[in-house]
Amino acid sequence: MKIAIIGAGNVGGALAKAAIAGGHEVAISASSPEVAAQAAQAAGATAARSNAEVVANADIVILAVPYAAVQAIAQELGDALTEKIVVDSTNPLDETGRDLLTSGISAAEGLQAQLPGTKVVKAFNTIFAGRHARPSEEGRQLDAFIASDDADAKAKVGEFARSLG
Ligand SMILES: NC(=O)c1ccc[n+]([C@@H]2O[C@H](COP(=O)([O-])OP(=O)(O)OC[C@H]3O[C@@H](n4cnc5c(N)ncnc54)[C@H](OP(=O)(O)O)[C@@H]3O)[C@@H](O)[C@H]2O)c1
């Protein structure tokens, strides 16, 4: 699959390495092209110069950015995400890391409401970044929890998660 990862930090970098090992084509963007280039080089992926560029040909777009950045990215990309599968890996934590910034609806429900034409899927937020490349414990595979209102998108992200191990 063609995987676009927005965010080149702990999660973006780790998922890029895991996806490359799983046989996928991976492109990464970040706030700055330099950060994307570094992470792409470390993972064996392709660097994109912008978020718009990274999503252009993607089968799956993964948001691996701080929750606080999600709304602006959704606004920035808008129609470019129509019909795309967008995986939200964020945890909407406040600055203390102990409380949530959401109330009433989840972060993914909020993103789906902002992008009604996009297939939003929640995944990878329950697994520490360091685990993405080696998702097992004592020889047992870790579980990937996946949620979406779109069954086909959920199945495709499940297929992708299985390909990572
Ligand atoms: N760390 C974990 O183990 C873990 C596990 C599960 C879920 N999560 C969730 O995953 C998300 C990412 O966590 P992380 O630890 O990977 O964070 P991180 O290391 O701080 O990386 C965040 C990345 O997002 C990029 N970014 C910020 N704003 C952006 C924008 N507008 N456009 C493009 N890229 C942007 C940053 O780019 P620059 O460096 O260029 O600013 C940086 O590369 C968070 O929401 C977190 O709650 C984390």
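The table for this structure:
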item	result
Net charge contributed by nearby residues that have their C-beta within less than 14 Å of ALA30 (K/R +1, D/E -1)	-2
Semi-axis lengths (Å, descending) of the ellipsoid that matches the C-alpha gyration tensor of the chain	21, 19, 16
Loop-exposed GluC sites (Glu not before Pro) per DSSP, neighbour cap 12 Cβ within 10 angstrom, longest uninterrupted part of the chain	1-82
Only Lys, Arg (+1) and Asp, Glu (-1) charged, at Cβ; the chain dipole about Cα centre in debye	440
Long-range amide H partners of ILE146 with built H, under 5 Å	none
Å² per residue, accessible surface of segment 2-163 at 1.4 Å	54
Length released on extending from ASP59 to GLU34, taking residue separation times 0.36 nm less the Cα-Cα span	6.6 nm
Protection proxy ranking of 113-120, 99-106, 55-62 - average other beta-carbon atoms within 10 Å, highest first	55-62, 113-120, 99-106
Positive-end extreme of charge dipole, the chain - chosen from LEU100, ALA151, GLY117 (charges on Cβ)	ALA151
For segment 82-118 and segment 1-52, distance of Cα centres in Å	21
Additional length obtainable on full extension of the chain from SER106 to ASN91, 0.36 nm per residue less Cα span	4.4 nm
Sum of -39500 (n - 2.57) over DSSP H runs of 4+, divided by residues of the chain (222 nm, nearest 500)	-10500 deg cm²/dmol
Distant-in-sequence amide H partners of ILE28 (H built 1.01 Å from N, under 5 Å)	ILE5, THR46, ALA47, ALA48
Loop sites in segment 1-102: trypsin sites (Lys or Arg not before Pro), DSSP, at most 14 other Cβ within 10 Å	ARG49, ARG98
Segment PHE145-ARG131, extension gain: residue separation times 0.36 nm, minus the distance between their alpha carbons	3.6 nm
With at most 12 neighbouring Cβ atoms within 10 Å, loop chymotrypsin sites (Phe, Trp or Tyr not before Pro) (DSSP) excluded, longest segment of the chain	1-127
GLN114/ARG162 FRET efficiency (R0 30 Å; Cβ-Cβ; nearest 0.05)	0.55
Charge dipole of segment 2-163 about the Cα centre (unit charges at C-beta), most positive-ward option of ASN51, ALA14, VAL87	ALA14
Reach of LYS2 by Cα under 14 Å, taken over aspartates and glutamates that are not fewer than 8 positions away in the same chain	GLU25, GLU53, ASP59, GLU159
Long-range HN-HN contacts of VAL121 with modeled amide H, under 5 Å	VAL86, VAL87, ASP88
Fraction of accessible area attributable to carbon and sulfur, the chain (%, probe 1.4 Å)	48
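The values are calculated or read from the model by the stated rules, or taken from the named source; none is laboratory data. Because the structure is predicted, anything quoted here is derived from the model rather than measured. Note that we place each Cβ from the backbone using ideal geometry, even for glycine, and neighbour counts take in every protein chain shown. Surface areas here come from the heavy atoms of the whole protein model, side chains and all, with no ligands, DNA or RNA. Shrake-Rupley method; radii C 1.70, N 1.55, O 1.52, S 1.80 Å.
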